[in-house]
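Asker: Sharing a structure, written as C-alpha cells. Questions coming.
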Amino acid sequence: MTLVLRLAKLRADLGVVDPVIWAMRRGWEPDVNQRRILRSKSKRVILLCTRQFGKSTTAAMVAAHQAVTRPGSMILLVSRSERQSGELFSKVKAFIGDERKAKDRAFEWKLTNGSRVIAVPSSEETIRSFSAVDLLIEDEAARVPDAVYKSIRPMLATSRGRLFLLSTPFGQRGHFYDAWSRMKGWERYEVPASECPRISQEFLDEEREELGETWFAQEYGCQFVSTDSALFSEVEIARAFSEHVPALDEVKSVVRPLFGGG
C-alpha cells in the first residue's frame, strides 16, 4: 500500500474512531467542553451543566457514535418524562441518519449493524426488564426519581457498560447530588453559563435580575441550592430526622428509669 493510500486510510479510520471528527462530519461543531466530554473514556461520567449548554445534544452524539461504531450495542436513554425521552431519542436518530435504520418504532431504533437505541420515561415499574446495556444515559438526572436510578444501575452489571448522568442542579438531594458531591469513581464535568460560548453576558445579567440570585445560581451557575420559599434548608430538614438529638437524649435518660426503661 502506498504512503498516500495509508494516509487516506488513517484519516478515514480516525474519522470513525474519534467522536469529535465523527460529529463534525455530521454537521455539528462541538465546543471545547463538549469535545472533552465526547472523548471521555470513563465508565462513569457526570455532567453538571448550565441550562442551554447542549448537554442533551452532547449525550445524543455519544449515543449515536456508539451505536454506529460499535455494532450490536444496546443503548438506553432515560429521562424524567416521555416527552423528554422522545426529544433525546430524536437527536440520536438525527445524528445517526436514516441510511443505517433497520427497524423503527415509537421509541426504539434498530440499526443495520445490530445496535439498538431505546428511549424510556422514568417509570420504575416498567423499566426493569432491560439488561446487558452497553451505554446508559440519564437525562435531567436531578429530577429522575431515586428508585428509577437504583433500578437501572444493575442493567450494567454483565455488560460493564458506561453510565452518563447529565443535569442542571435541583437542590441538595437525590442520587445526582450524591454522585456529584461525594461518590467515588465518577469523571466530573462542570460547565456554568460563564463558560458556554453560546450564552452572552448581557443575557445572563438580565436573567440574574429577573430570577434572583438563588434561582440564577441553580439554573446558570451549577450550584446546588435550596429553594427561595423554603423556611428551613434541606440540610436542616435532614438533621431533623436524626434519631440522636442531644437535648432529646437527655430527656430520655431521665424519663426511661421512671417507667422501667433501659
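Asker: Tell me, please, whether a residue that is modelled with pLDDT of 95 or more, surrounded by 15 or more Cβ atoms within 10 Å (Cβ to Cβ) and either among the β-branched types (V, I, T) or touching a helix residue (DSSP H, G or I) at 6+ places or on another chain (Cβ under 8 Å) (or both) can be found in the stretch 225-232.
Answerer: no
Asker: Kindly provide the set of residues from the stretch 162-214 that are in a loop (DSSP other than H, G, I, E, B) and under 21 Å from A59 (Cα atoms), ordered by number.
Answerer: T168, P169, F170, G185, W186, P192, C196, P197, R198, I199
Asker: OK, next. Enumerate the helices (runs of 4 or more DSSP H) found wholly within the stretch 15-122, keeping only those where 1 or more residues are within 26 Å of V191 (Cα to Cα), within 16 Å of the chain's Cα centre (by Cα) and modelled with pLDDT under 95.
Answerer: Working: elements: 19-25, 32-38, 55-69, 82-96.
Result: 82-96.
Asker: Quick check, is S81 among the small types (G, A, S) and under 19 Å from S56 (Cβ atoms)?
Answerer: When the stated conditions are applied, S81 passes them.
Asker: In addition: Mind checking which pairs have a first residue in the stretch 121-150 that is in contact (Cβ under 8 Å) with a residue 60 or more places away in the chain and within 28 Å of P71 (Cβ to Cβ) and a second that is surrounded by fewer than 18 Cβ atoms within 10 Å (Cβ to Cβ) and of a type in the set (S, T, N, Q), Cβ under 7 Å, 6 or more apart or different chains?
Answerer: Short answer, once both residue conditions are applied: D134/S159.
Asker: Which of the residues belonging to the stretch 63-75 are under 16 Å from I127 (Cα atoms) and out of contact with any helix residue (DSSP H, G or I) (no Cβ under 7 Å at 6 or more places or on another chain)?
Answerer: Answer for the stretch 63-75, where residues must be under 16 Å from I127 (Cα atoms) and out of contact with any helix residue (DSSP H, G or I) (no Cβ under 7 Å at 6 or more places or on another chain): just M74.
Asker: Give me the pairs: first residue in the stretch 180-208 and closer than 30 Å to G161 by Cα, second residue assigned to a helix (DSSP H, G or I) and of a type in the set (S, T, N, Q), beta-carbon distance under 6 Å, and six or more apart or on different chains, which are they?
Answerer: V191/N33
Asker: Looking only at the stretch 148-163, how many residues end up being over 15 Å from V120 (Cα atoms), surrounded by 19 or more Cβ atoms within 10 Å (Cβ to Cβ) and within 15 Å of the chain's Cα centre (by Cα)?
Answerer: Within the stretch 148-163, residues that are over 15 Å from V120 (Cα atoms), surrounded by 19 or more Cβ atoms within 10 Å (Cβ to Cβ) and within 15 Å of the chain's Cα centre (by Cα) number 3.
Asker: Considering only the stretch 31-53, I want to know if a residue exists there that is polar (S, T, N, Q), on the phi < 0 side of the Ramachandran plot, touching a residue at least 12 places away in the same chain (Cβ under 8 Å) and touching a Gly at 6+ places or on another chain (Cβ under 7 Å).
Answerer: The answer is yes; a qualifying residue exists.
Asker: Looking only at residues in the stretch 100-141 that are of a type in the set (S, T, Y) and surrounded by fewer than 20 Cβ atoms within 10 Å (Cβ to Cβ), which one is farthest from L48 (Cα to Cα)?
Answerer: Checked the stretch 100-141; the qualifying residue farthest from L48 (Cα to Cα) is T112.
The values are calculated or read from the model by the stated rules, or taken from the named source; none is laboratory data. Remember, predicted model here, so these are calculated numbers, not experimental data. Cβ coordinates were reconstructed from backbone atoms using ideal geometry, including for glycine residues, and neighbour counts include every protein chain displayed.
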